[in-house]
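J.: Just passing along the structure, written as structure tokens.
The values are calculated or read from the model by the stated rules, or taken from the named source; none is laboratory data. Only a predicted model underlies this, so the values are computations on that prediction, with no experimental measurement involved. For neighbour counting, all protein chains shown are included, and Cβ atoms are generated from backbone atoms with ideal geometry for every residue, glycine included.
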Amino acid sequence: MLTGKTAIITGAASGIGAGTAEVFAEQGSNLVLVDRDEAGLAAVADALAANGARVETVAGDVARRDTAEQAAARALDAFGAIDVLFNNAGIMHSGDFRDWDEARWDDLLDINLRGIYLMCRAVVPQMLEQGAGSIVNTSSVMAFLTEPGYEAYTTSKAGIVGLTKALAVSYADRGLRVNCIQPGWIDTPMNRKLADELGGMDNLIPIIRKQQPLPRMITTREVGNLVAFLASDLASGISGAAIPIDGAASAAI
């Protein structure tokens with residue numbers, strides 16, 4: 001579906017970003033991988049390159065404009081186009097709202113929402129010049145379904161939905177499609193760590209089942225398959241959508 005397409009993927013050193021990069025590489029994409037975890041980024045890139053993928057890396061913080069500009073420039077210099085942007089980098093913190101100071105609030109919003117704004121600003125002009133492009137943003141099921149202590153995270157993920165829809169409407173007539181995914185429980189290092197803290201996956205599954213009818217975590221490759229579809233021409237009529245990949249969590253009472 002993505003043979004010869006050039007994709008920028010942020011948050012690519014682990015989790016959903018790494019799983020999606022693997023799917024894209026198998027489908028023949030040229031990749032520019034972005035993450036502030038330089039060692040993790042290099043490990044993912046080396047593994048993909050060893051299997052024949054064409055991979056460039058940019059080590060940097062997506063909350064900084066120079067990271068976004070460098071990623072866009074690297075894609076154009078190495079591959080001559082920017083066909084896909086997968087904005088996946090993000091962090092999650094929680095705690096009593098009364099204890100959140102401005103610096104902690106700003107840090108989460110800067111990475112989760114400002115980072116997407118900056119990456120989009122860096123690639124949209126090139127996509128419009130090409131007359132085609134697909135942007136996929138990682139929101140969360142927690143944009144609409146939340147729990148105590150996640151005010152900053154929920155705000156950031158709801159903002160991503162709004163930005164996705166606004167960009168989709170603004171540029172639909174110029175070949176640009178913009179969508180977002182809304183993951184639920186995904187098998188990431190963060191959730192594996194949570195399982196370990198609870199004494200094993202058998203102790204986490206009952207917690208997952210209270211929120212998500214599908215009684216397991218969704219794999220990063222399953223998420224990557226959805227992103228690849230949305231990024232491809234097979235999804236040419238889909239734009240402005242917020243698509244759950246949450247094991248029916250958002251459908252349950």
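J.: Working carefully through the options ARG36, ARG98, find the one that is charged (D, E, K, R) and touching a helix residue (DSSP H, G or I) at 6+ places or on another chain (Cβ under 9 Å).
T.: After ruling out the rest, the residue left standing is ARG36.
J.: List every residue pair whose Cβ atoms lie under 7 Å apart, where the two residues are 6 or more positions apart in sequence or sit on different chains, the first residue falls within the stretch 50-65 and is without any contact (Cβ under 8 Å) to a residue 60 or more places away in the chain, and the second residue, located anywhere, is part of a helix (DSSP H, G or I) and among the hydroxyl-bearing types (Ser, Thr, Tyr).
T.: What qualifies is VAL58/THR67; GLY60/THR67; ASP61/THR67.
J.: Restricting the search to the stretch 132-165, which residues are more than 18 Å from the chain's Cα centre (by Cα), hydrophobic (A, V, I, L, M, F, W, C) and modelled with pLDDT of 95 or more?
T.: Hit for the stretch 132-165 is ALA132, nothing else.
J.: List pairs: first in the stretch 203-230 and among the aromatic types (Phe, Trp, Tyr), second modelled with pLDDT of 90 or more and assigned to a helix (DSSP H, G or I), Cβ under 9 Å, 6+ apart or cross-chain?
T.: Pairs found: PHE229/ALA235.
J.: Continuing with the same structure: Does the stretch 197-217 contain any residue that is touching a strand residue (DSSP E or B) at 6+ places or on another chain (Cβ under 7 Å), at pLDDT below 95 and not hydroxyl-bearing (Ser, Thr, Tyr)?
T.: Yes, the stretch 197-217 contains at least one residue that is touching a strand residue (DSSP E or B) at 6+ places or on another chain (Cβ under 7 Å), at pLDDT below 95 and not hydroxyl-bearing (Ser, Thr, Tyr).
J.: Turning to a different aspect of this structure: Can you name every one of the helices (runs of 4 or more DSSP H) wholly within the stretch 157-253 that holds 2 or more residues which are touching a helix residue (DSSP H, G or I) at 6+ places or on another chain (Cβ under 7 Å) and surrounded by 21 or more Cβ atoms within 10 Å (Cβ to Cβ)?
T.: By residue number, 220-231.
J.: Please name all residue pairs, on different chains or six or more residues apart, with Cβ atoms under 7 Å, provided the first residue is in the stretch 72-84 and is more than 18 Å from GLY175 (Cβ to Cβ) and the second residue is of a type outside the set (Ser, Thr, Tyr).
T.: The qualifying pairs are ARG74/VAL32; ARG74/GLU56; ARG74/VAL58; ALA78/GLU56; PHE79/ASN30.
J.: On to the next question. Counting just the residues of the stretch 72-116 that are over 13 Å from the mean Cα position of the chain (by Cα) and among the aromatic types (Phe, Trp, Tyr), which one comes out surrounded by the most Cβ atoms within 10 Å (Cβ to Cβ)?
T.: Filtering first and then ranking leaves PHE79.
J.: Checking the structure you have, find out if any residue of the stretch 24-31 is of a type in the set (A, V, I, L, M), at pLDDT 95 or above and over 22 Å from THR3 (Cβ atoms).
T.: Within the stretch 24-31 (the criterion being of a type in the set (A, V, I, L, M), at pLDDT 95 or above and over 22 Å from THR3 (Cβ atoms)), the answer is no, since none of the residues qualifies.
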